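A.B. asks: Provided herewith is a single structure, encoded as structure tokens, for subsequent inquiry.
Each value in this text was obtained by applying a stated rule to the coordinates, not by laboratory testing. On a predicted model such as this, the values are computed, not experimentally measured, just so you know. Every residue, glycine as well, gets a Cβ built from its backbone with ideal geometry; the counts of neighbours run over all protein chains shown.
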């Protein structure tokens, strides 16, 4: 239990790194929508550096897990938790990269607003992941409520994407193919990040139920 707590503390620090990635990626979307190319490039550097630090913390935790004997179920759950959480940072970096490639073009207003809203909800979900791990040891039942909130955010992102897809199809009728592809992939990367948040929430739900 002591080692599990130590690993969870390391995982909290990893989640904080992932939050940094998503936070900068969300700001990058705002800059893209505003047509601020300089800010887009500045936030891309922040995303790149934050994601590198998240990768380092992931490797450190996995190295710690290899040093001592853990119950196989505990080890499997912790490894899945770490890797899935790191995937969120990967998707945030992916949507940021596509946004950089899209500049200096400016997104249509309706598309920009929905992309921004989607990215903000991903950031909200990652903050809830940190809340879940902070709460896990003290109140596992509370984690079930947090997992439900993460799932609700993912569903909201799905709804926004459904409406956004109509706008993207309309935009693609007149846009250059490269712009159409980038906007579509940017939208999908944000949705994938939200899906991965839900996966992490589901795993927390499982861990919490085993802890009650």
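A.B. asks: Report the residue, chosen from 32, 123, 169, that carries the largest GNM mean-square fluctuation when the chain is represented by alpha-carbon nodes joined by springs under 10 Å.
C.D. replies: Greatest mean-square fluctuation among the candidates belongs to 169.
A.B. asks: Only Cα pairs under 8 Å and at least 6 apart count here; give the relative contact order of the chain as a rounded whole percent. Before the final figure, lay out each step's value.
C.D. replies: On the way: 266 pairs, mean separation 59.9, N = 212.
RCO, the chain: 28 percent.
A.B. asks: Taking only Cα atoms, what is the 0 to 90° angle, nearest 10, from helix 140-172's long axis to the longest principal axis of the chain?
C.D. replies: With rounding to tens, the tilt is 20 degrees.
A.B. asks: Given the peptides 133-145, 89-101, 177-189, arrange them by the average over their residues of other C-beta atoms within 10 Å, most packed first. Write out the running numbers ahead of the final one.
C.D. replies: Details: 133-145: 16.1, 89-101: 23.2, 177-189: 17.9.
Those peptides, ordered most packed to least, come out 89-101, 177-189, 133-145.
A.B. asks: If you average the C-alpha positions of the stretch 14-34 and of the stretch 49-64 separately, how far apart do those two centres end up, in angstrom?
C.D. replies: 18 Å
A.B. asks: I'd like the orientation of helix 2-34 relative to the chain: the angle between its Cα long axis and the longest Cα principal axis, in ° from 0 to 90, rounded to 10.
C.D. replies: Helix 2-34 and the main axis of the chain meet at about 10 degrees.
A.B. asks: Let me ask something additional. Which order do the peptides 195-204, 14-23, 49-58 come out in when sorted by mean C-beta neighbours inside 10 angstrom, highest first? Let's see the in-between values first.
C.D. replies: Numbers: 195-204: 21.5, 14-23: 23.3, 49-58: 18.5.
Going from most to least packed, we get 14-23, 195-204, 49-58.
A.B. asks: Taking the Cα atoms only, what angle lies between the long axis of helix 177-211 and the longest principal axis of the chain, rounded to 10 degrees?
C.D. replies: 20 degrees
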